[in-house]
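Computed from the coordinates by the stated procedures, all read-outs in this text should not be read as laboratory data. Note that the structure is a prediction, hence the values are computed from the model and not measured.
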Amino acid sequence: MSSTSIIKEDIIKEQILRTSQKLFQRDGLHEVTMEDVANAVGKAKSSLYYYYKSKEEIWNAVMDIEIAEIHADIAKSVGKETTIEQKIYAFCLTMVKSLRKKRALYHIAYGNNESGRKDKYTYPIRRRFVKVESVLLNEILTVGISNGELRKIEKKDQDVLVFVLLSGLKGLEKEMVIENDQNLEPAIKTLSHIIINGLKN
């Protein structure tokens, strides 16, 4: 395959994903069909399967983009700060703000888990969100411990701490994103302060 053909295929795949993203946001995950995507892109349904085998594959690719964008936003915000308390505040604040910007997909992938149902579309995405959050928060805590801002803790205890902190953040995310609560910055600042006070030397 020539480089021109590869570039053309990449452009078409990107078009499919961006179009699908808009459809998922507008109509909801389960309402969108492969035929809807094909019509919106302007291609025959059969040709769509050349690029993606199923709606599930498209959905996962769309959410990979969403997660990568959120990850990049958080890493950039955290990187600008100097103290660990500032970094944790930036982590929490940017996480919630990023999810607010992507509210429709947040509702689909992460917001409506009251039943605990392990849906084949949404459950893996929730797990990937948690993994990204855990890695970033672990990195922040590790830096704080290594530079002496935070007391030393065992790795297994740090993992438990990250789980507990992210569970608390999930409650805030639900209020701030789904319920559209406006008291975002004071709530995040309080959470960050509580976290740091419990971990200082």
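Key figures for this structure:
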quantity	calculated
Stokes-Einstein D for the range 1-53, Kirkwood Rh over Cα pairs, 10 °C, 1.306 mPa s (µm²/s)	138 µm²/s
Rotationally averaged projected area of the range 21-75 (alpha carbon convex hull; nm²)	4.0 nm²
Linear extension gain, VAL135 paired with GLU31, 0.36 nm per residue minus alpha-carbon span	34.1 nm
Placed amide H near LEU150: partners under 5 Å, 5+ positions off or other chain	ILE145
